[in-house]
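**Student:** One structure, pasted below without further comment.
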Amino acid sequence: MIASVVRVAWAAAATFLAPVLRFNLRRRAARGREVAARLGERRGIDPTPRPPGRLLWIHAASVGETVSILPVLQALRGRTLVLLTTGTATSQALLDQRIPELGLSSHVLHRFAPLDVPSWIGRFLSHWRPDAACFVESELWPNQLAACQRRGIPLILLNARMSDRSFTRWRRAPWFARHILSGFARVQARSEQDAERLRLLGAHGVDSPGDLKFAAPPLPVDQAELERLAALLADGPVWLAASTHPGEEALVAAAHRQVAATHPGLVTIIAPRHPDRGAALAEELRAPRRAAGEGPPREGIWIADTMGELGLWYRLTPIAFVGRSLVAPGGGQNPLEPARLGCAIAVGPYTGNFSDHVALLRDAGGLVEVADTAALADFVSAMLDDPARCRHLGEQAAASVVRHADLAERTAERLLSMLPVR
């Protein structure tokens, strides 16, 4: 009863706030955070015709979730049409590149997800009429889920995660958690810890076959560009700070100065998680940036603010720090991507969203946790001074992630089982 009242209140609040949300969408578009020509999709308005046949709707909030689902999309190719929704301009830019590369253009249609306003969700569902809906990791919106349930659309939560912080918040409203999670016919958790937390909160049909991030292929690369940049940087020491978040770049710059004092010619590549921050970072750090057509300096910091090139940066240097982990509350970013490419990896102390991955790599001897800037500088110096040790860490990291090779296929089979037979 309480959960139903909260759901009705949430729906009423979302409807009341719809004009504010429309204004915010326009403002975000002006700042490059939304695609202006496609704002209608965020309100469930879309002139694109629904393709005939069975249609599986998969929602992946942003870049991380999108990358994790790519192997599943490949396993589904030719077996069903997929409507893939995301919520960020960066994920759309990534998919514009990856869908053609993977040969999925005739099998996967990308649209932006409508915001959680009942009428917008209703328009979206009436237009696309999905036969089943899959939500990736932890993107749960009450109006969206309730609308699917009212229409009898089977729901599955895929690669579900429940971090320490999220679990604490959900437990404060157990009745609402049960109301939301019990609507899923199946829940596929990324780990047994996540599975147990989801069961405690009221989810049914929960299992933990493994983390889809383990099933991902290595990040792609333009081989010619890799060779060109490798030649430019061949004569000096170089390392990478990847997927950095606000506040971390200044710490990375401080580590750069410390390492450069004993390693002349040092180049530090900073690849911010959100490339649109590149111009501001270049000004703050007085550094050239790739998106402006500026190449790496002979010595100093280079801002790698382009989309879809993380595979290039991880291959360009064997030393990688993975961001969103040095500044509280952090949460971490995916360390499996550099591990898959044989990098020696460092992370900061705040990696709660990827604790299982960090523990796996650390226990395998392929990752080092650093407490602060000084420790990060010490790690980079140690790797530069001892190439054999650096190579050993990378080999250990790569060996530890060779698992769950068939997980994408098994996940695809489970999704297909949710669809009607036609």
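**Student:** Highest mean first, what order results for 135-142, 50-57, 266-273 on Cβ atoms within 10 Å? Please list the in-between numbers first.
**Tutor:** Numbers: 135-142: 20.9, 50-57: 15.6, 266-273: 23.8.
Sorting 135-142, 50-57, 266-273 by mean packing, highest first, produces 266-273, 135-142, 50-57.
**Student:** Please tell me the relative contact order of segment 315-422 in percent, rounded to the nearest whole number, where contacts are Cα pairs under 8 Å and at least six residues apart.
**Tutor:** Value for segment 315-422: 27 percent.
**Student:** Work from the charge dipole of the chain (Cβ charges, +1 for Lys and Arg, -1 for Asp and Glu, about the Cα centre) and give the residue of Gly342, Val370, Cys134 farthest towards its positive end.
**Tutor:** Highest projection toward the positive end goes to Cys134.
**Student:** Treating segment 89-199 as a set of equal point scatterers at the Cα positions, no solvent, please give the Debye-formula log₁₀ I(q)/I(0) at q = 0.11, 0.16, 0.24 Å⁻¹.
**Tutor:** Debye output, listed in q order: -0.43, -0.88, -1.33.
**Student:** Could I ask something else about it? Please sort 89-100, 31-42, 336-347, 217-228 by packing, taking for each peptide the average over its residues of neighbouring beta carbons within 10 angstrom, highest first.
**Tutor:** 336-347, 89-100, 31-42, 217-228
**Student:** So what is the relative contact order for the chain, in percent, with contacts set as C-alpha pairs under 8 Å and at least six apart? Intermediate values should be presented prior to the final figure.
**Tutor:** Details: 780 pairs, mean separation 54.9, N = 422.
Reported relative contact order: 13 percent.
**Student:** Let me ask something else about it. Just need the relative contact order of segment 115-260 here, percent rounded to a whole number, with Cα pairs under 8 Å and 6+ apart.
**Tutor:** 16 percent
**Student:** Also: Distance between Cα centroids, segment 365-422 to segment 229-266: provide it in whole Å.
**Tutor:** 21 Å
**Student:** Taking only DSSP H segments of four or more residues, each worth -39500 (n - 2.57), what value at 222 nm results for the chain once the sum is divided by all its residues, to the nearest 500 deg cm²/dmol?
**Tutor:** Taking each H run of at least 4 residues, the total per residue is -13500 deg cm²/dmol.
**Student:** All other residues with a Cβ under 13 Å from the Cβ of Ala412 taken together, and with Lys, Arg as +1 and Asp, Glu as -1, what is their net charge?
**Tutor:** With Lys, Arg at +1 and Asp, Glu at -1, the neighbours total +1.
**Student:** Kindly rank 15-24, 325-334 from highest to lowest mean number of other beta carbons found within 10 Å of each residue.
**Tutor:** Descending packing order for the listed peptides: 325-334, 15-24.
**Student:** Follow-up question, since we're still on this one. Whole Å is fine, so just give me how far the alpha carbon centre of segment 314-363 lies from that of segment 198-221.
**Tutor:** Computed from Cα coordinates, the inter-centre distance equals 18 Å.
**Student:** With viscosity set to 0.890 mPa s at 25 °C, what whole-number translational diffusion coefficient in µm²/s follows for segment 285-344 from Stokes-Einstein and a Kirkwood radius over Cα pairs? Spell out each step's value before the answer.
**Tutor:** Details: Rh = 13.0 Å.
For these conditions, the coefficient is 189 µm²/s.
**Student:** Please work out the ratio of the alpha-carbon Rg of segment 294-390 to 2.2 N^0.38 Å and round it to two decimals.
**Tutor:** With N residues counted in segment 294-390, Rg over 2.2 N^0.38 Å equals 1.07.
**Student:** Tell me the Kirkwood hydrodynamic radius of the chain in angstroms, computed as one over the mean inverse distance between distinct C-alpha pairs.
**Tutor:** 22.7 Å
**Student:** Given a 1.4 Å probe and every protein chain left where it sits, what share in percent of the accessible area of the chain is carbon and sulfur?
**Tutor:** Here carbon and sulfur together make up 54 percent of the probe-accessible area.
**Student:** Okay, next question. With every protein chain left in place, what is the accessible area per residue of the chain in square angstrom, probe 1.4 Å?
**Tutor:** With the other protein chains kept in place, the chain gives 42 Å² per residue.
The values are calculated or read from the model by the stated rules, or taken from the named source; none is laboratory data. This one's a predicted model, so the numbers in the text were calculated from it and none came from an experiment. Positions of Cβ are generated from backbone atoms using ideal geometry, with glycine treated the same way; all protein chains shown enter the neighbour counts. These accessible areas exclude ligands, DNA and RNA; they are computed on the full protein's heavy atoms, side chains included. Shrake-Rupley method; radii C 1.70, N 1.55, O 1.52, S 1.80 Å.
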